[in-house]
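Data first, discussion second: the structure below is written as structure tokens.
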Amino acid sequence: MQTNKINLLETYLSLYISPMQVLNATKKGDSDYVVLDIRNAPSQIKQDQIAGAIAMPAKDLPAHLDALDKAKTYVVYDWNGGTILGKQALLILLKAGFKAFELAGALEGWKGMKLPVEAV
Amino acid sequence: MQTNKINLLETYLSLYISPMQVLNATKKGDSDYVVLDIRNAPSQIKQDQIAGAIAMPAKDLPAHLDALDKAKTYVVYDWNGGTILGKQALLILLKAGFKAFELAGALEGWKGMKLPVEAV
Amino acid sequence: MQTNKINLLETYLSLYISPMQVLNATKKGDSDYVVLDIRNAPSQIKQDQIAGAIAMPAKDLPAHLDALDKAKTYVVYDWNGGTILGKQALLILLKAGFKAFELAGALEGWKGMKLPVEAV
């Protein structure tokens, strides 16, 4: 059972990337990381997003895979860590062969750490 | 590792049902879906619940399995997506041979989407 | 798929311990349970913690494993159940051979149940 626990934790945690890793990567000019805001909500509900993120609602993601770049690493995020939308988007990306992670703590955690956001 | 990630995501996501699927299913008169509010809290703490839900606290669930119907699909929800009570209830139901899902986003997500609730 | 779901739920839930189990265990004088507050935040941000918890930020945990006791059972918690920090700390402890759980519902759930906290 101990092995099962460790295997589950290792695989689960391998789905995520930390806010600081994302921040450090996207600070550089030509980053290999692209942050996708996958919230299924209009701008007036979203109000703001992670600075530099691209709006790519999870519901639209399957139809837009051709526009993505296999050389990049995609980081998806939803409102908070209690939803499954990030995992749904991540599954779509991984199954299509993209490098991708979900942002640990989601937008709520990012804002809680006072990291940069921008109006949408 | 990619395969492990995809397998974990697929199994994890298969535990969940989205609010819109639940709403559409329960809108019909004789729905096959039954929503169970599994919060272990008295009414004065709960105050409201998903419209049409049945109060079935997780702690009482094992003793009430006989009252459930194998022809139905049960949807369980707790306060928010950061608890484990929904998964505990879901495990009880699945092990007893019922069709069941946890509501993605839980009550918090349902309310955030302004979906119908009712006083308890 | 039903078996996969049940296996995943059982392993996932085995990572957690409930607030009431922790409360009952730590109420006794010489408890075998030690609660670790693994939040990576200074005291002025944390403000309070679970009564009797030991501050052990997740980032410092790998360097402090020698100070832990294999006879004890460690319970880690972060701000809320939507983060991955608790799982990261748990993985470190389990891989090092310690008995450990994550607190179900995290600090947010503990406070929501009005369980005892103390200033830090």
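The values are calculated or read from the model by the stated rules, or taken from the named source; none is laboratory data. Everything numeric here is computed off the predicted structure, so don't read it as measured data. Neighbour counts are summed over all protein chains in view; Cβ atoms, including those assigned to glycine, are modelled from backbone coordinates with ideal geometry. Note: accessible area is taken over every heavy atom of the protein model, side chains too, but ligands, DNA and RNA are not part of it. Shrake-Rupley method; radii C 1.70, N 1.55, O 1.52, S 1.80 Å.
Whenever a residue of the stretch C:47-69 is without any contact (Cβ under 8 Å) to a residue 60 or more places away in the chain, its partners that are basic (Lys, Arg) and surrounded by 11 or more Cβ atoms within 10 Å (Cβ to Cβ), lying with C-beta atoms within less than 9 angstrom and at least six residues away or across chains, give the pairs C:Pro57/C:Arg39; C:Ala58/C:Arg39. Among the residues of the stretch B:54-70, those identified as more than 18 Å from B:Val120 (Cβ to Cβ) and either out of contact with any strand residue (DSSP E or B) (no Cβ under 9 Å at 6 or more places or on another chain) or modelled with pLDDT under 95 (or both) are B:Pro62, B:Ala63, B:Leu65, B:Asp66, B:Ala67.
For the criterion of being over 29 Å from A:Thr3 (Cβ atoms) and touching a Leu at 6+ places or on another chain (Cβ under 9 Å), C:Ile45 fails. Pairing residues of the stretch A:1-20 that are under 17 Å from A:Val35 (Cα atoms) and more than 8 Å from chain C (Cβ to nearest Cβ) with residues that are of a type in the set (Asp, Glu) and open to solvent by less than 20 Å² (accessible area, probe 1.4 Å), at Cβ distances under 7 Å and at least 6 apart in sequence or on separate chains, gives A:Leu15/A:Glu102.
Residue count for the stretch C:86-97 satisfying the condition of being touching a residue at least 24 places away in the same chain (Cβ under 8 Å), more than 10 Å from the chain's Cα centre (by Cα) and not in a loop (DSSP other than H, G, I, E, B): 3. In the stretch C:98-120, the qualifying residues are those that are free of Cβ contacts under 8 Å to residues at least 60 places away in the same chain and part of a loop (DSSP other than H, G, I, E, B), and the one that is farthest from B:Lys46 (Cα to Cα) is C:Phe98. Screening the stretch B:1-27 for residues that are charged (D, E, K, R) and more than 18 Å from the chain's Cα centre (by Cα) and picking the one that is nearest to A:Leu85 (Cα to Cα) gives B:Glu10.
Quick one: in the stretch A:46-85, which of the residues that are farther than 25 Å from A:Tyr12 by Cβ and part of a helix (DSSP H, G or I) is most open to solvent (accessible area, probe 1.4 Å)?
Ranking the qualifying residues of the stretch A:46-85, first place goes to A:Asp66.
Residues in the stretch C:8-45 that are assigned to a helix (DSSP H, G or I) and open to solvent by 30 Å² or more (accessible area, probe 1.4 Å): C:Glu10, C:Met20, C:Gln21, C:Asn24, C:Thr26, C:Lys27, C:Ser43, C:Gln44, C:Ile45.
Here's the yes/no breakdown for (1) at the interface with chain B (Cβ under 10 Å from one of its Cβ atoms); (2) modelled with pLDDT under 95:
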position: A:Tyr74; (1), (2): no, no
position: A:Trp79; (1), (2): yes, yes
position: A:Gly82; (1), (2): yes, yes
position: A:Lys87; (1), (2): yes, no
position: A:Ile92; (1), (2): yes, no
position: A:Ala96; (1), (2): no, no
position: A:Gly112; (1), (2): no, yes
position: A:Glu118; (1), (2): no, no
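Only residues that are open to solvent by 20 Å² or more (accessible area, probe 1.4 Å) and more than 15 Å from A:Thr3 (Cα to Cα) were counted in the stretch C:86-103, giving 1.
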